[in-house]
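Student: I have a structure I would like to understand better, so I am pasting it below and will then ask my questions one at a time.
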Amino acid sequence: MKTTDTPERQPLVGSRPTLGRLVGLEFRKLTTVRSGQSVLWSMLGLGLLLSFGVCWVLIAQEEAELSFSVIMMAFTVCAALGTPILGILVYTMDWQHRDILMILALEPRRHRVFLAKLVTSVLIGVALCAAFIATGLAVSFGLASAFGMAWTAQGSLEVLGMLIVLSFAGSLSGAALGSALLSTPLSVVIVIIQVLLIDNLLLLLPGGIGPFLQTASMSNSLIGDGSMGTALSSFALWVLLPFAVGFIRMRRAEPH
């Protein structure tokens, strides 16, 4: 992929698509391409599998009730693993399949394309939270009824807060990284290594500077397990900086 300083072409008068239309196009692409569908179905399958596993453990322990919060904990795992990948796909799938040519023909002003993708990344958090909550309610009610257990919502607010934080933090950090790299495989590998390895190794740094560099600090502080200083540092390093790089690349990069 090469870069160029060629100025953006101006769209024809009367052909300017609205931001809502661009965002709608981004959502349709995400839910129709094979990679996006694979991530969404994998998140749903993992959530259901973990839900049944939790219910089986409760039955084996002869518990009389099933808590909605316990089932939702399974879906927080899905949010933590899946939302960064969906955020990455928002920015990279066009370049991966050269669909960016069609997008730029529709809207040559690249800053508007970048903004539409950013809005889409935020709305992904909203859509996934709603989908997880609706699925969690249906699954918890269904399992409680099927196995003769009492359903309870005790402790659900804390878990729902965790779900919201993980969904938004994951989608934004994934989108930021994807915008900077414009490569799906490389971005996904970096996210996996960061979550499983680098974040843990950073805790070994002397002077307590590790949390200021961890991606997890953004979500940890919002759920009461960190300071605002570490959250702001993490947000600047893993969201603002990659988005700044991504904005420059979006304006200059050309598909090859």
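Student: If exposed trypsin sites (Lys or Arg not before Pro) are those in a DSSP loop with at most 11 other Cβ within 10 Å, what is the longest stretch of the chain that has none?
Tutor: Counting only loop sites that pass the neighbour cut-off, the longest clear stretch is 99-256.
Student: Using the membrane-span-like helix rule (whole DSSP H runs, Cα extent along the own axis of at least 15 Å, mean Kyte-Doolittle hydropathy at least -1.0), which helices of the chain qualify?
Tutor: Passing helices, by number: 19-32, 34-60, 68-96, 110-146, 156-181, 241-252.
Student: On the accessible surface of the chain, probed at 1.4 Å, how many percent belong to carbon and sulfur atoms?
Tutor: 70
Student: Return one whole number: the accessible area per residue of the chain in Å², for a 1.4 Å probe.
Tutor: 50
Student: Which parts of the stretch 61-81 would a label at ALA150 reach, counting a residue when its backbone N lies under 12 Å from a point 7 Å out along Cα-to-Cβ?
Tutor: Within reach of a label on ALA150, which here means backbone N under 12 Å from a point 7 Å along Cα→Cβ, the stretch 61-81 contributes 64-67.
Student: So how do PHE132, PHE212 rank on accessible area, 1.4 Å probe, biggest first, that is with the largest at the start?
Tutor: PHE212, PHE132
Student: How many percent of all Cα-Cα pairs in the chain sit more than 23 Å apart?
Tutor: In whole percent, the long-distance tail amounts to 56.
The values are calculated or read from the model by the stated rules, or taken from the named source; none is laboratory data. Predicted model only: the values in this text are computed from it and were never measured. Cβ sites come from the backbone with ideal geometry, for glycine too, and all protein chains shown count toward neighbours. When the accessible area is computed, the model is the full protein with side chains, heavy atoms only, and any ligands, DNA or RNA have been set aside. Shrake-Rupley method; radii C 1.70, N 1.55, O 1.52, S 1.80 Å.
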